[in-house]
């Protein structure tokens, strides 16, 4: 029986430097009196999550609209070029250091795939930056839905021609990946807890690792 390991991409495989990049783009406006930069970035993160729960639109649009809302909430003047710069930066992000070797080890036994909340044209260069060939790269654009919507996962399994019981899913995203996959009948789930968050017994069973370096051994490679 085919065995497939699926991965979330951004912040799991790709060092998704959206926060620092946002601050670089807005550097000329961050001296606003009373602005709490950490609070602003957190609101931007929340608004991106809220945006993907709405009717599907491209990830390009999600970044533009959620950045504009966060900036307006904090009194920062928004320019369309701000969103353009952020979108343009996404394909430049590369992998975490341990990722390529871990993926190469896994390919000795498993098919590997990406299931990502992004657009096809954005992730193409991110995948190239990793330097490892994937059997499938499945995006929200293809599914016309974003994680945590289960449609995204179900579309991926249909595309790959597998049942959930053949799939091991690996992800950093708790609310995007670990929560919605609890009852999908997956063979195994692995949480890459890069940021030391607290897990939950309500969403067990899952394995937990701090990064991908220990994943090949965990999965028998």
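The values are calculated or read from the model by the stated rules, or taken from the named source; none is laboratory data. Given the structure is predicted, the values throughout are model-derived calculations rather than measurements. Note: ideal-geometry Cβ built from the backbone for every residue, glycine included; neighbour counts use all protein chains shown.
Does residue 176 satisfy the condition of being closer than 15 Å to residue 8 by Cβ, surrounded by 15 or more Cβ atoms within 10 Å (Cβ to Cβ) and within 18 Å of the chain's Cα centre (by Cα)? Break it down stepwise before answering.
Values: closer than 15 Å to residue 8 by Cβ: yes; surrounded by 15 or more Cβ atoms within 10 Å (Cβ to Cβ): yes; within 18 Å of the chain's Cα centre (by Cα): yes.
For residue 176, the condition - closer than 15 Å to residue 8 by Cβ, surrounded by 15 or more Cβ atoms within 10 Å (Cβ to Cβ) and within 18 Å of the chain's Cα centre (by Cα) - is met.
Is at least one residue of region 136-148 surrounded by 20 or more Cβ atoms within 10 Å (Cβ to Cβ), in contact with a strand residue (DSSP E or B) (Cβ under 8 Å, 6 or more places away or on another chain) and assigned to a loop (DSSP other than H, G, I, E, B)?
yes
Hey, could you check region 108-119 for residues that are touching a helix residue (DSSP H, G or I) at 6+ places or on another chain (Cβ under 6 Å) and part of a loop (DSSP other than H, G, I, E, B) and say which is nearest to residue 188 (Cα to Cα)?
117
Going residue by residue through region 71-85, is there one that turns out to be in contact (Cβ under 8 Å) with a residue 24 or more places away in the chain, touching a strand residue (DSSP E or B) at 6+ places or on another chain (Cβ under 7 Å) and farther than 24 Å from residue 54 by Cβ? Before you say what the answer is, go through the steps one by one.
Going residue by residue through region 71-85, those that are in contact (Cβ under 8 Å) with a residue 24 or more places away in the chain are 71, 73-77, 82, 85.
Retained after the next criterion (residues that are touching a strand residue (DSSP E or B) at 6+ places or on another chain (Cβ under 7 Å)): none.
Within region 71-85, none of the residues are in contact (Cβ under 8 Å) with a residue 24 or more places away in the chain, touching a strand residue (DSSP E or B) at 6+ places or on another chain (Cβ under 7 Å) and farther than 24 Å from residue 54 by Cβ.
Which residues, taken from region 200-221, are touching a residue at least 24 places away in the same chain (Cβ under 8 Å) and in a loop (DSSP other than H, G, I, E, B)? Spell out the reasoning first.
So the first thing to find is which residues in region 200-221 are touching a residue at least 24 places away in the same chain (Cβ under 8 Å), and the list is 203, 206, 211-213, 215-216, 218-221.
Listed by number, the residues that qualify are 206, 211, 219, 220, 221.
Let me confirm something: among 162, 170, which residue is closer than 23 Å to residue 108 by Cβ, in a loop (DSSP other than H, G, I, E, B) and at pLDDT 95 or above? Walk me through it before giving the result.
On the way: 170 fails: in a loop (DSSP other than H, G, I, E, B).
Sole residue among the options that is closer than 23 Å to residue 108 by Cβ, in a loop (DSSP other than H, G, I, E, B) and at pLDDT 95 or above: 162.
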